[in-house]
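K.L.:
Got a structure for you, questions after.
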Amino acid sequence: MAFNFGRTGRTMDAENVNPRARSSRGRKVGLGLSSAGIGNALSNTSGLSGLGARSNARPLQSLSDITNLQERDARKPRQPLAARTAAAPAPVPAPVPVPVSAGPVPTQCPVVPRRSERGLGLERDRILDEAMDVSNERTERNTRVAEENHARSQAAAEYLPEIMDALFDEEVCCRPRPSYMEIQPDINGKMRAILVDWLVEVHMKYRLREETLFLAVNLIDRYLSSLPVIRRRLQLVGVTAMFVAAKFEEINPPRASNFVYITDSTYSKEELLQMECAMLNCVNFQVVVPTAAHFLHPFLQANNCDGPRHRELIKYVLELALLDLRMIRVLPSELLAAAVLLGNELMARQAPWPRAMELATRHTQAQLRPLADELHGLLRQAPTQALEAVRKKYMLQQHHCVASAALAGA
């Protein structure tokens, strides 16, 4: 940032301009110092050589000052030679030379042995390893803190009571009719169970979220509660419900062509899109409603499950209930609460339904007991059923093989 004092005028970078450039007692000089300020600054530099020191001394007025000094020295009376001789100092004797030996001069500093290059390398490696350990530990700690902060912010703990109140209120509004099979002339509950079992396999193939599966089953039941469907169109209703639910719940939902392919091209893409329009009109575009999967995370967090095996067992019981048409009559929060109670009993908890779970689920153990017994019956009957998609899913290692463990515990 240079200064330009050309003919066109003086320019200066705005960063370097002193805002107090004009002094209240002097004219503007240089870079914001007045003439009086420069004089005061130089006069205060006591004990310095150069311009500041010379400014305090009285300058010589003319060459006659030096001449007057010589004349004053000439006017002084000269002392006699004897007095000057007596006053002269005694001569200093010359130093006696010390003989220098011809041998080497002994050194006073001890000789430090040099370390080998291998020793220096090992020491350097040790220091680097310690520095890397400290750096890795600091990085892991920062990563762990960042993950905890992110999880805490995503949980929205300050809004959780209001969110739960809204879920409990809205789950009552958009419920399918429990007896809707009475208006269906061409399908029955067993066909619905086959459809849901096949959708579990589709859900696994595309690795979709739990909310997608439960919302798809909810859309199927709500559509069948309003309109009659013939048998050969039932699979189209199911795949369309999964297609719509994936759009709302997934970040990267499968394309329409993927769902056409999964039906072995039984239906065309145009038929899929037409059924999507019909389903959205049937539910009045109110797609997302509370399901058991939406209550899952807060209930499991309140339950303080013993580990991932405990959580997977509750999910296994909950997905078995999707196949049973009788469970439509139960509210999603009540169904999940009964599954949690059954899971706690199978895990042999000392207190299967503590006070914290009563407050979180808004159901007592006595209220949930009949439903928990029904779910326990579904769990015992699962190995003998022809529909095996849910049981095979939870026999995988990624789900901790809870289907086999649940059979042993039942």
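The values are calculated or read from the model by the stated rules, or taken from the named source; none is laboratory data. Predicted model only: the values in this text are computed from it and were never measured. Neighbour counts are summed over all protein chains in view; Cβ atoms, including those assigned to glycine, are modelled from backbone coordinates with ideal geometry.
K.L.:
Would you check if there is a residue in the stretch 167-181 being assigned to a helix (DSSP H, G or I) and closer than 23 Å to residue 232 by Cβ?
P.N.:
Kept after step one, since they are assigned to a helix (DSSP H, G or I), are these residues of the stretch 167-181: 167-170, 180-181.
Next cut, closer than 23 Å to residue 232 by Cβ only: 180-181.
Yes: the stretch 167-181 contains one or more residues that are assigned to a helix (DSSP H, G or I) and closer than 23 Å to residue 232 by Cβ.
Residues checked against (1) outside any helix (DSSP H, G or I); (2) surrounded by fewer than 18 Cβ atoms within 10 Å (Cβ to Cβ); (3) in the same structural domain as residue 404 (by TED's automatic domain parsing); (4) at pLDDT below 95:
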{"residue": "297", "(1), (2), (3), (4)": "no, yes, yes, yes"}
{"residue": "302", "(1), (2), (3), (4)": "no, yes, yes, yes"}
{"residue": "311", "(1), (2), (3), (4)": "no, no, yes, yes"}
{"residue": "321", "(1), (2), (3), (4)": "no, no, yes, no"}
{"residue": "334", "(1), (2), (3), (4)": "no, no, yes, no"}
{"residue": "337", "(1), (2), (3), (4)": "no, no, yes, no"}
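K.L.:
Has the stretch 221-232 got any residue that is out of contact with any helix residue (DSSP H, G or I) (no Cβ under 8 Å at 6 or more places or on another chain), closer than 18 Å to residue 266 by Cβ and either touching a residue at least 12 places away in the same chain (Cβ under 8 Å) or of a type outside the set (Lys, Arg) (or both)? Break it down into steps so the answer makes sense when it comes.
P.N.:
Restricting attention to the stretch 221-232, the residues satisfying the condition of being out of contact with any helix residue (DSSP H, G or I) (no Cβ under 8 Å at 6 or more places or on another chain) are 230, 232.
Within this subset, residues satisfying the condition of being closer than 18 Å to residue 266 by Cβ are 230, 232.
Remaining after also requiring either touching a residue at least 12 places away in the same chain (Cβ under 8 Å) or of a type outside the set (Lys, Arg) (or both): 230.
Taking every residue of the stretch 221-232 in turn, at least one turns out to be out of contact with any helix residue (DSSP H, G or I) (no Cβ under 8 Å at 6 or more places or on another chain), closer than 18 Å to residue 266 by Cβ and either touching a residue at least 12 places away in the same chain (Cβ under 8 Å) or of a type outside the set (Lys, Arg) (or both).
K.L.:
Tally time: how many residues in the stretch 261-290 are assigned to a helix (DSSP H, G or I) and of a type in the set (Val, Ile, Thr)? Can you show your working first?
P.N.:
Looking only at the stretch 261-290, we keep the residues that are assigned to a helix (DSSP H, G or I), and these are 261-262, 269-282.
Right, trim to of a type in the set (Val, Ile, Thr) and you get 262.
Residues meeting the conditions: 1.
K.L.:
Determine which member of the set 195, 213 is in contact (Cβ under 8 Å) with a residue 40 or more places away in the chain, closer than 24 Å to residue 337 by Cβ, touching a helix residue (DSSP H, G or I) at 6+ places or on another chain (Cβ under 6 Å) and part of a helix (DSSP H, G or I). Talk me through it step by step, then tell me what you get.
P.N.:
Numbers: 195 fails: closer than 24 Å to residue 337 by Cβ.
After ruling out the rest, the residue left standing is 213.
K.L.:
Another question, then. Does the stretch 270-295 hold any residues that are in contact (Cβ under 8 Å) with a residue 60 or more places away in the chain and closer than 17 Å to residue 212 by Cα, and which are they? Write out each step before concluding.
P.N.:
Step one: filter the stretch 270-295 for residues in contact (Cβ under 8 Å) with a residue 60 or more places away in the chain, giving 279, 282-283, 286-295.
Within the stretch 270-295, 279, 283, 286, 287, 288, 289, 290, 291, 292, 293, 294, 295 meet the criteria.
K.L.:
Another one. For the structure I just gave you, tell me whether residue 260 is surrounded by 13 or more Cβ atoms within 10 Å (Cβ to Cβ) and under 21 Å from residue 194 (Cβ atoms).
P.N.:
Working: surrounded by 13 or more Cβ atoms within 10 Å (Cβ to Cβ): yes; under 21 Å from residue 194 (Cβ atoms): yes.
Yes: the conditions hold for residue 260.
K.L.:
Right, here's the next one. Examine the stretch 164-185 for a residue that is among the hydrophobic types (A, V, I, L, M, F, W, C) and either without any contact (Cβ under 8 Å) to a residue 12 or more places away in the chain or on the phi > 0 side of the Ramachandran plot (or both), and state whether such a residue exists. So that I can check it myself, show each step before the final result.
P.N.:
Initially, the stretch 164-185 is screened for residues among the hydrophobic types (A, V, I, L, M, F, W, C), giving 164, 166-168, 172-174, 181, 183.
Then keep just the ones that are either without any contact (Cβ under 8 Å) to a residue 12 or more places away in the chain or on the phi > 0 side of the Ramachandran plot (or both); that gives 166.
Among the residues of the stretch 164-185, at least one is among the hydrophobic types (A, V, I, L, M, F, W, C) and either without any contact (Cβ under 8 Å) to a residue 12 or more places away in the chain or on the phi > 0 side of the Ramachandran plot (or both), which makes the answer yes.
K.L.:
Do the conditions hold for residue 379, that is, is it assigned to a helix (DSSP H, G or I) and of a type outside the set (Asp, Glu)?
P.N.:
On the way: assigned to a helix (DSSP H, G or I): yes; of a type outside the set (Asp, Glu): yes.
Yes: the conditions hold for residue 379.
K.L.:
Further question on the same structure: With the condition kept exactly as written, say whether any residue in the stretch 263-272 is more than 30 Å from the chain's Cα centre (by Cα) and among the hydrophobic types (A, V, I, L, M, F, W, C). Working first, answer last.
P.N.:
Our first condition is that a residue be more than 30 Å from the chain's Cα centre (by Cα); within the stretch 263-272, this holds for 263-272.
Pick out the ones that are also among the hydrophobic types (A, V, I, L, M, F, W, C) and you get 272.
Checking the stretch 263-272: at least one residue is more than 30 Å from the chain's Cα centre (by Cα) and among the hydrophobic types (A, V, I, L, M, F, W, C).
Yes/no per residue for (1) modelled with pLDDT of 90 or more; (2) farther than 18 Å from residue 319 by Cβ; (3) assigned by TED's automatic domain parsing to the domain that holds residue 244; (4) over 24 Å from the mean Cα position of the chain (by Cα):
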residue	(1), (2), (3), (4)
125	no, yes, no, yes
128	no, yes, no, yes
134	no, yes, no, no
140	no, yes, no, no
164	yes, yes, no, yes
186	yes, yes, yes, yes
197	yes, no, yes, yes
225	yes, yes, yes, yes
